Amino acid sequence: HGHYVDKSMIRNPLAHWFFRQAGRYSPRTKHFDLYINGVYRGVYVLIEKIKRGKYRVNVSKLKETDIAGDSLTGGYVWAFDKTGTNTGGAGNNNKGGIEQEGFKTSDGLNVILHYPKKENIQKQQEEYLKKYLNDLEGLFKNGKNGAGYENYVDLGSAIDYVLHQELTNNADSYWCSFFLFKPKDSKGGKVTLGPPWDFDLAMSNGTQPENGGGQQGGGMW
């Protein structure tokens, strides 16, 4: 990661450190001096990718044959984000739209699949995750007040994640770079918020009205 936007060079490392203090996983970081062919190129940060793994997002491996029963219910890792972020497009719309990377929920949120990736996920698995999220959104539609959402969402993770986003004053909160995962039902089974990601525009470096700019983001379901 290069600190083009964040001249302090510390926002991402500090934000991830904060989240780890809550006892939850957040990508580990390391500052380093970069030289290319002996030419100094400045200070960069190594940041772990968010991916499934024992020491990262610790959800079960989802095999192609896991298309029924408890094995179908997890694990999944996705992000609410702009298209192109999962295919090297740096946020630019890819040519195929959301269908190349995931799907839209009933509220129109882009679900960018990170595990399994779109090209690897089975039809039954994608349909299961889509129905789960649509059922959650349905608790807030047609005059409903969201009663029962705690049956779908891990509340401890939601509290920690929201407090973290507010603490860091993140301009991208809840609308992009918003990672979530879901373990198998036998291992908790609820949507878990996090790990956090992308804090270039956090800590009063963004475009919120209180920082003199226009609001970038939308609301959170």
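The values are calculated or read from the model by the stated rules, or taken from the named source; none is laboratory data. Model, not experiment: these values are computed from the prediction. Glycine gets a Cβ as well: all are built from the backbone with ideal geometry, and neighbour counts include every protein chain shown. All accessible areas refer to the heavy atoms of the entire protein, side chains included, with ligands and DNA or RNA removed. Shrake-Rupley method; radii C 1.70, N 1.55, O 1.52, S 1.80 Å.
Excluding Glu48 itself, what net charge comes from residues whose Cβ is under 9 Å from its Cβ, given Lys and Arg +1 and Asp and Glu -1?
Working: positive: Arg28, Lys49, Lys51, Arg56; negative: none.
Spelling it out: positives minus negatives among the neighbours equals +4.
Can you tell me how the range 19-83 classifies by the Cα gyration tensor, rounded, prolate or oblate, using a/c under 1.5 as the rounded cut?
Working: a/c = 3.08, a/b = 2.29, b/c = 1.34.
Taking the square roots of the gyration eigenvalues as a ≥ b ≥ c, the range 19-83 is prolate.
From Cα coordinates alone, what are the radius of gyration and Dmax values for the chain in angstrom?
Here Rg and the maximum Cα pair distance are 18.1, 63 Å.
Provide the net charge surrounding Ser106, with neighbours chosen by a C-beta distance below 14 Å and charges set as Lys +1, Arg +1, Asp -1, Glu -1.
Values: positive: Lys104, Lys130, Lys131, Lys141, Lys144; negative: Asp107, Glu127, Asp135, Glu137.
That sum, taken over residues with Cβ under 14 Å, equals +1.
Given charges of +1 on the Cβ of Lys and Arg and -1 on the Cβ of Asp and Glu, with all other atoms neutral, how large is the dipole of the range 7-132 about its Cα centre, in debye to the nearest 20? Walk me through the intermediate numbers first.
On the way: 22 positive and 12 negative charges, 102 e Å.
Its charge dipole is roughly 500 debye.
Among Lys63/Lys187; Lys30/Lys61; Lys82/Lys118; Lys63/Lys144; Lys7/Lys182, which pairs are too far apart, with a Cα-Cα distance over 26 Å?
Lys30/Lys61; Lys63/Lys144; Lys7/Lys182
Apply the a/c threshold of 1.5 to the C-alpha gyration tensor of the range 92-135 and tell me whether it is rounded, prolate or oblate. Intermediate results must be reported in sequence, preceding the final value.
Numbers: a/c = 2.35, a/b = 1.20, b/c = 1.96.
Oblate, since a/c reaches 1.5 and b/c is not below a/b.
For the chain, what's the relative contact order in percent, using C-alpha pairs closer than 8 Å and at least 6 residues apart?
Numbers: 371 pairs, mean separation 47.5, N = 221.
Relative contact order comes out at 21 percent.
Measure nothing fancy, just the Cα-based angle from helix 155-168's long axis to the longest principal axis of the chain, in degrees from 0 to 90, nearest 10.
For 155-168 against the chain, the angle is about 20 degrees.
Stretch Asp135-Asp70 to full length: gain in nm at 0.36 nm per residue minus the Cα-Cα span? Don't jump to the answer; show the numbers that get you there.
Numbers: separation 65, 0.36 × 65 = 23.40 nm, distance 1.81 nm.
Answer, rounded to one decimal: 21.6 nm.
Ranking request for peptides 37-45, 191-199: highest mean number of other beta-carbon atoms within 10 Å first, then the rest in descending order. Walk me through the numbers on the way to the answer.
Details: 37-45: 10.3, 191-199: 23.6.
With the highest mean Cβ count within 10 Å placed first, the list reads 191-199, 37-45.
Excluding ligands, DNA and RNA, what is the solvent-accessible area per residue of the chain at a probe of 1.4 Å, expressed in Å²?
On the way: 11720 Å² over 221 residues.
Heavy-atom SASA per residue in the chain reads 53 Å².
Counting helices only, and only those DSSP H runs with n ≥ 4, report the 222 nm mean residue ellipticity of the chain as the sum of -39,500 (n - 2.57) divided by its residues, in deg cm²/dmol to the nearest 500.
On the way: 3 runs with 40 residues, N = 221.
It lands at -6000 deg cm²/dmol.
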